[in-house]
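J.: I have a structure here, written as structure tokens, and I will follow up with some questions on it.
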Amino acid sequence: MTAILLFVGFLVLLALRVPITMAIGISVLGSLIAAGYDTTLWIIPMRVQEGVNNSSLLAIPFFVLAGNLMNAVGLTERLFNMANALIGHFKAGLAQVNVLASVLMAGGTGAAVADIAGLGVVEIRAMRERGYTASFSAAITTVSAILAPFIPPSVPLVVYAFLANVSVARMFLAGIGPAILIAVALMIYNRIYASVVDLPTQPKATGREIWTCILKGTPPLAAPGIIMAGILTGTTTAAEAGILACGYTLLLSLFYGSFRFSAIWSAISDTMLITAMIMIIIGFANGMGWLLAVERIPQDIAAAVPGLIDQPFLFLMAVVGIVLVVGCFIDGVTAKLLLVPILLPLVDAYGIDRIHFGIVMQMGLILGLATPPMGIGLYIVARIAEIPVEHVVRAVLPFFIPLLIVLTLLAAVPQIALWLPDTVLGAR
């Protein structure tokens, strides 16, 4: 009864457009009172403080800041120009460039929204200037950003690692294989689409142009390399690696002459707002997790579900169905904070690797970026492209064919996610 009240209250508050941070806090408060804990409401501030008082979460603001700084100091356009010089002359050239640029940019931001906001302006402008339709340009920009949370430094993967008590380094390595698979799937779709629809082409860049773009675009790629090298070698913590990446980005801006105090301050301000929102959600969700644990709800679910579903793959597909629906209404970080504490006992009961489960869950949730009604990515690109959101939605829908195929493969083949971390760090 407590769980029903908790989640129904949360969903009702969301429907009433209460800010998501307050919706979690109010639903926890109401459920505590209903469950008879009205004399111990001090537990809420205590759990909020304990929830955010964790050194592993310190990496989040620095990863967010690194991505914001890359956008602020103009490194984004250098990455796009490099991708364009390398593969822009291919069939469906700028559509393929869009995907490759997202792979490169994700190594700096690790966040889909930052990818869209940073690269979207450059990509959509370039595609429209060369004759691509506004709706297709917006659609490929949205779905290519789905790559971002799988490539280090990834804030969503850090949050999951914290919740599931797994290694951040393993989660980062586990995301690389799925990211490559997503990129390949989108590029194959682009090529097939280009055989049906006559997409604009552009001449091949000269060797001199390619070399110039590589020289200008390669230095920003060292930022994610600094993060991964520091974490994997044990030289730095995740937070310290994030700090080094921020410092490196600032040095690049000085070298390129793109350092502007106003832009840096804007990046810092955005980082503070994003970090505060994430931390408030984590704090209140920790109180929610405590209430669920006290009521033994995860344990009861873990005892009941295996009697209904007897195969790990079928369980994963059931979870995929749940997160696809949840992702339509709730952002990924919040959804993880709500679902992971409940589902982890089941994950362990089925013998599913927590790293593998985290990747499958992330893939299911990130599709919500391009799914109405929440679909924040749809609204951002619609504003950038200056077209109605409905046009973007119609153009995005066909891309779900390759993306859902990738999601099914990730659930069915654990080694897509586990091979690289097991190879680099050793099997557990």
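J.: Computed from the coordinates I sent, Cα Rg over 2.2 N^0.38 Å equals one of (i) 1.72; (ii) 0.99; (iii) 1.29. Tell me the label.
T.: (ii)
J.: I'd like to compare 279-286, 211-218, 98-105, 55-62: which one has the highest average count of other Cβ atoms within 10 Å, and what's the full order after that? Before the final figure, lay out the partial values.
T.: Details: 279-286: 22.5, 211-218: 15.5, 98-105: 26.8, 55-62: 18.9.
Per-residue Cβ counts within 10 Å, averaged per peptide and sorted highest first, yield 98-105, 279-286, 55-62, 211-218.
J.: Still on this structure, please answer the following. Using alpha carbons only, how many angstrom separate the centre of segment 165-208 from the centre of segment 11-78?
T.: Each part reduced to its Cα centre gives a spacing of 32 Å.
J.: Using the heavy atoms of the protein chains and a 1.4 angstrom probe, tell me the accessible area per residue for the chain in square angstrom. Let's see the in-between values first.
T.: Working: 17880 Å² over 428 residues.
Normalised by residue count, the accessible surface of the chain is 42 Å².
J.: Could you compute the net charge surrounding residue 428? Neighbours are other residues with a C-beta less than 9 Å from the C-beta of residue 428; K and R count +1, D and E count -1. Provide the component values of the computation, followed by the final result.
T.: Numbers: positive: 170; negative: 353, 422.
Neighbour charge sum, excluding residue 428 itself: -1.
J.: Going from the alpha-carbon gyration tensor of segment 144-210, what semi-axes, largest first and in whole Å, does one get by taking the root of 5 times each eigenvalue? It would help to have the intermediate numbers written out before the result.
T.: Numbers: eigenvalues 236, 50, 15 Å².
Taking √(5λ) for each Cα gyration eigenvalue gives 34, 16, 9 Å.
J.: Another one. What FRET efficiency do you get for residue 261 and residue 49 if R0 is 51 Å and r is their Cβ-Cβ distance, rounded to the nearest 0.05?
T.: Values: r = 34 Å, r/R0 = 0.67.
Once the sixth-power term is evaluated, E becomes 0.90.
J.: Here is a further query. Give me the extension gain from residue 8 to residue 91: residue separation times 0.36 nm, minus the current Cα-Cα distance, reported in nm with one decimal. Walk me through the numbers before you get to the answer.
T.: Working: separation 83, 0.36 × 83 = 29.88 nm, distance 4.93 nm.
Difference between extended and current length: 25.0 nm.
J.: Right, something else. Decide, for segment 229-272, between rounded, prolate and oblate: order the square roots of the alpha carbon gyration tensor eigenvalues as a ≥ b ≥ c, take rounded if a/c falls under 1.5, and otherwise choose prolate if a/b is larger than b/c, else oblate. Can you show the working numbers first?
T.: Details: a/c = 5.18, a/b = 1.73, b/c = 3.00.
Verdict is oblate for segment 229-272.
J.: Next question. In nm, what is the difference between 0.36 nm times the number of residues separating residue 197 and residue 277 and their Cα-Cα distance? Let's see the in-between values first.
T.: On the way: separation 80, 0.36 × 80 = 28.80 nm, distance 4.27 nm.
Extending this stretch completely gives an extra 24.5 nm.
J.: Tell me the relative contact order for the chain as a rounded percent, counting alpha carbon contacts under 8 Å between residues six or more apart. Don't jump to the answer; show the numbers that get you there.
T.: Values: 625 pairs, mean separation 102.6, N = 428.
Result for the chain is 24 percent.
J.: When you count, for each residue, the other Cβ atoms within 10 Å and take the mean per peptide, how do 25-32, 4-11 rank with the highest first? Intermediate results must be reported in sequence, preceding the final value.
T.: Numbers: 25-32: 21.2, 4-11: 16.6.
So the order, starting with the most tightly packed, is 25-32, 4-11.
J.: Please enumerate, by chain and number, the lysines with C-alpha under 21 Å from the C-alpha of residue 204, excluding those fewer than 8 residues away in the same chain.
T.: In chain and number order, the partners are 91, 216.
J.: Taking only Cα atoms and a 10 Å spring cutoff, compute GNM fluctuations for the chain and point out the largest among 115, 353, 331.
T.: Its mean-square fluctuation being the largest, the pick is 353.
J.: Multiplying the sequence separation of residue 427 and residue 40 by 0.36 nm and subtracting their Cα-Cα distance, what value in nm do you get?
T.: Values: separation 387, 0.36 × 387 = 139.32 nm, distance 4.40 nm.
Gain on stretching residue 427 to residue 40: 134.9 nm.
J.: Next up: Kindly report, to the nearest 10 Å², the accessible surface of residue 394 as traced by a 1.4 Å probe over protein heavy atoms only.
T.: 150 Å²
The values are calculated or read from the model by the stated rules, or taken from the named source; none is laboratory data. All values derive from a computational prediction rather than experimental measurement. Please note: Cβ atoms are built from the backbone with ideal geometry, for glycine as well, and neighbour counts cover all protein chains shown. For the accessible areas, the whole protein counts, side chains as well, though only heavy atoms, and no ligand, DNA or RNA atoms are used. Shrake-Rupley method; radii C 1.70, N 1.55, O 1.52, S 1.80 Å.
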